[in-house]
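Some notes on the structure that comes next.
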Amino acid sequence: MAEVRVENLTKKFGNVVALDHVSLTFEDQELTVLVGPSGCGKTTLLRIVAGLEESTEGYVYMGGKEISNVQPWNRNMAMVFQNYALYPHMTVFDNMAFPLRARKMRKEYILKQVQQTAQSLGVDQLLRRKPRELSGGQMQRVAVGRATVRQPEVFLMDEPLSNLDAKLRVEMRAELKRLQKDLGVTTIYVTHDQAEAMTMADKLVVMRDGKIQQEGAPEEVYAKPRNTFVASFIGSPAMNFIKCTYNVERRALEAPSFQYPLPERYGALGHSHQDGVILGVRPEKIRVLLTSGERSVRARVYVSEPLGKENLLTLEVAGTLVKAITAPECRLSIGQDVWLDFDEESVHLFDVDTTEAISVA
């Protein structure tokens, strides 16, 4: 059992609060991804779990036992860093064997473990090379191999793919996910790349300013964001937001040049939202029409970006620029008037003051 749990974790650097009373459970054998913008506290949290940083307040547990004061080398965790951290004067074999030699394992055992691990990662033909003779992807595989060779109870990965090119990142994230599932090791993965987070995570944890904004399955976080920050950070292109007022008598959301009926599932919002509501809808949930419909909203084409398999449109709606995705054969001109039909079940409403999601009825 290698469940990791943090309770009331706070970390201050002088007057800067990097973590603000964070409590979170990393489930046994699951891959949990911490995602958020730079400075949100995700790497600080990872380093405290690893024992590389001391918390100002709070506790760290592993397998039900408190390890807050246990030294890093006694936590049976392995960390993969952003810059690989390979020893440049050592061969691939020696880099991978290093943690086993540090534990004074037998030579026969070391040889067997390194060879098996190298083969599983496809670097068994590189064991005599040194890091300078490797590509970025090969160095990343060696770094992962060094972490996995001693069979730790927990993997800690700090943006391990950020130095790779886009194509190799896609390949490596699939390899890492497969490896984690094969090994069944509890893994905590830090990234600022929301696409990487969505594709890899069993559980997604979105952070901002040292606090957890939302946690859950990637599909749940994507479909039911708790606030505008989560809604805008998860998903590419980001969710569109249009500030509206709520007309109680007409049960409609209103903004300059359009009126949109309140989705049925919200019931009646009441007078508390008359002054402001934020309507949110994702680009892929918008249909672009050439003629007006019953619930359509008028828009004007601002720019069209062909992407091959689809077009990304930027449109002006009520003084706000929004994104929509259309089929590649949809050809529209800049300045052309169109109408937008929102998928009603995918319309989100947020409080204009708190930016929190408004609950459905």
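Bear in mind these aren't lab numbers, they're just calculated from the coordinates by the rules spelled out. Here the structure is a predicted model, which means the values were calculated and not measured. Positions of Cβ are generated from backbone atoms using ideal geometry, with glycine treated the same way; all protein chains shown enter the neighbour counts.
Assorted remarks:
- Under the Karplus curve 6.51 cos²θ - 1.76 cosθ + 1.60, θ = phi - 60°, whole-Hz ³J(HN,Hα) for the range 281-293, x wherever Gly or Pro sits: 8, 7, x, 6, 9, 10, 9, 9, 10, 8, 10, 6, x
- Net charge in the neighbourhood of THR199 (other residues with Cβ under 9 Å of its Cβ; Lys, Arg +1, Asp, Glu -1) is +1.
- Read-out semi-axes √(5λ) of the Cα gyration tensor in Å, derived from the coordinates shown; its label in (1) 41, 21, 19; (2) 47, 25, 15; (3) 34, 22, 20: (2)
- Annotation: peptides 143-150, 217-224, ranked by per-residue average of other Cβ atoms within 10 Å with the highest first, follow the order 143-150, 217-224.
- For the range 189-201, 3J(HN,Hα) computed residue by residue from phi via the Karplus equation (6.51, -1.76, 1.60; θ = phi - 60°) reads 10, 9, 7, 9, 8, 5, 5, 4, 5, 5, 6, 9, 6 Hz, glycine and proline entered as x.
- Exposure proxy order (Cβ contacts within 10 Å, fewest to most) of GLU57, GLU215: GLU57, GLU215
- Here's how it looks for ILE358: its modeled amide H is under 5 Å from those of LEU349, PHE350, ASP351, which are all 5 or more places away or on a different chain.
- Relative contact order (percent, whole number), the range 19-155, Cα cutoff 8 Å, 6+ residue spacing: 26
- Pairs from LYS11/LYS224; LYS203/LYS224; LYS11/LYS203; LYS12/LYS211; LYS42/LYS167; LYS177/LYS309 whose Cα-Cα separation, in the structure shown, is over 19 Å: LYS11/LYS224; LYS11/LYS203; LYS42/LYS167; LYS177/LYS309
- 3J(HN,Hα) from dihedral phi, the range 204-213, Karplus parametrisation 6.51/-1.76/1.60, rounded to Hz, x for glycine, proline: 10, 10, 9, 10, 7, 6, x, 10, 7, 8
- For LYS107, the lysines whose Cα comes closer than 22 Å to its Cα, not counting residues fewer than 8 places off in the same chain, are LYS130.
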